[in-house]
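Here, each number is a calculation from the coordinates, and none is a lab measurement. Quick caveat, the model's predicted, so the values are computed rather than measured. So basically every Cβ, Gly included, is an ideal-geometry build from the backbone, and we count neighbours across all protein chains shown.
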Amino acid sequence: MKMVKTMSKISAAAVLALSAMSTAQAAQRICVYDLLGASGDLFSMAKDYVIAAQRHGVSIELKGYTDERVATEDFRTGQCDGLIATAFRTRQFNPVAGAIDSLGATTIVKDGKIDMTASYEVVRRIVQTFSDPKAGKLMVDGIYEVGGVIPLGAAYPVVNDRKLNTVEALAGKRIASFDYDKAQAVMIQKIGAQPVSADIMNFSSKFNNGSVDFIAAPTLAYKPLELHKGIGKNGAMVRFPILILTYQVILNKTKFPEGFGDQSRDYWLTQFDRALQLVKQSDASIPPSTWMELSSENAYKYTLMLRESRIDIAQKGMYDKRGLKIIKRIRCSVNPADPECATKSEEDWK
């Protein structure tokens, strides 16, 4: 009888040990949005992230999505422990990091010309700043933690008529506006244009079939979404970044070991140049005749319009002021000659 009780205790202990081992070894699922699903470049980068995480004792399995809304909702409802999606969607989990994708926040204009090298340097320095352990508290919001930021490329205006080359010319025109990013509608209305409800799944088809006159898209979307159809013979992609898009990694920090968020941000910082190279290759693939340049005067007007819209939107509570204060300091460290750097705009917010 005594032997049976002893065996029972050993058996119970073994079950508990096996259960603990099973829990430790259970893979964390990360929902990954990629326009091309599991065959896309981002998903490929995420596969390498899985390997890197193993070095820190973290086992990750990936689930690919071509519908960003579904990926985000699956993460929000706990079906995934992490999410990789555009900042438009991830901003709800960490608005500070989401501020990177604010209108004109990373756009650098020098002598009336867009400086893309300097603009991407702004993004790089932001990612470096957010990867510093000193910024760790800003990267956590409740149970959510930013696990990395990856550049997706500039969102350029794509128009169906080259006459739409000034801010004034956009008045009355139909512009696609994502339902889940209310800031877009605010800007569109500010310039007197008409926001047309859209999302990442249908904004390109609305442009291609003529339902809207203007969309904003990265060059990575040009071929997969067949934007040449909407551009036609009279349209263009305008070489002016409305903003620089990012993918962001969001983790449910309760599902990962302590300190993994820091390690994850460090890893994705090492992938910045790899992602940027993909963006540059995509930019170079656009037919030269598709591009349209802005005059110095109109580049200045666009910059001013984006700045005024960004400040207005932040005052309405749609952009995070803490994030924008950090970004302005970095923007002015890259381009200190910009007149905005002599003002207190975006700096005196509390």
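Things worth noting here:
- For TYR156, TYR120, order by how many other beta-carbon atoms lie within 10 Å, fewest first: TYR120, TYR156
- Label-point separation in nm, GLU308 to THR166, each point 7 Å along Cα→Cβ: 1.5
- Calculated over the chain, the projected area of the Cα convex hull averaged across directions stands at 20.0 nm².
- Beta-bridge orientation, the chain: approximately 60 percent antiparallel, per DSSP, counting only bridges with both partners inside.
- Considering only GluC sites (Glu not before Pro) in DSSP loops that have at most 14 other Cβ atoms within 10 Å, the longest stretch of the chain without any of them is 1-225.
- Vicinal HN-Hα couplings computed from phi for the stretch 234-246 (Karplus, 6.51 cos²θ - 1.76 cosθ + 1.60; Hz; Gly/Pro x): 9, x, 6, 9, 8, 7, 8, x, 5, 6, 10, 6, 9
- Debye, to nearest 20: dipole size of the stretch 76-212, +1 on Lys, Arg Cβ, -1 on Asp, Glu Cβ: 280
- Neighbourhood net charge (12 Å Cβ-Cβ; Lys/Arg +1, Asp/Glu -1) for GLU308: +1
- Modelled label positions at LYS344 and SER285, each set 7 Å beyond Cα in the direction of Cβ, lie 4.8 nm from each other.
- Against the chain, whose longest principal axis is taken from its Cα atoms, helix 260-270 shows a tilt of about 40°.
- Ordering 75-81, 100-106 by mean Cβ neighbour count within 10 Å, with the highest value first, yields 100-106, 75-81.
- Approximate spin-label separation ILE143-ARG55, in nm, with each point projected 7 Å along Cα-to-Cβ: 3.0
- A full extension of the chain between LEU276 and TYR180 corresponds to an added length of 31.9 nm, given 0.36 nm per residue minus the alpha carbon distance.
- Counting only Cα atoms, the stretch 18-151 measures 65, 35, 26 Å along its principal axes, largest extent leading.
- Remark: the ASN234-LYS301 segment gains 21.8 nm on full extension, using 0.36 nm per residue and subtracting the alpha carbon distance.
- Taking the helices alone, the chain has a mean residue ellipticity at 222 nm of -13000 deg cm²/dmol, built from -39,500 (n - 2.57) per DSSP H run of at least 4 residues and averaged over all its residues.
- Fraction of C-alpha pairs exceeding 17 angstrom in the stretch 269-350: 65 percent, rounded to a whole number.
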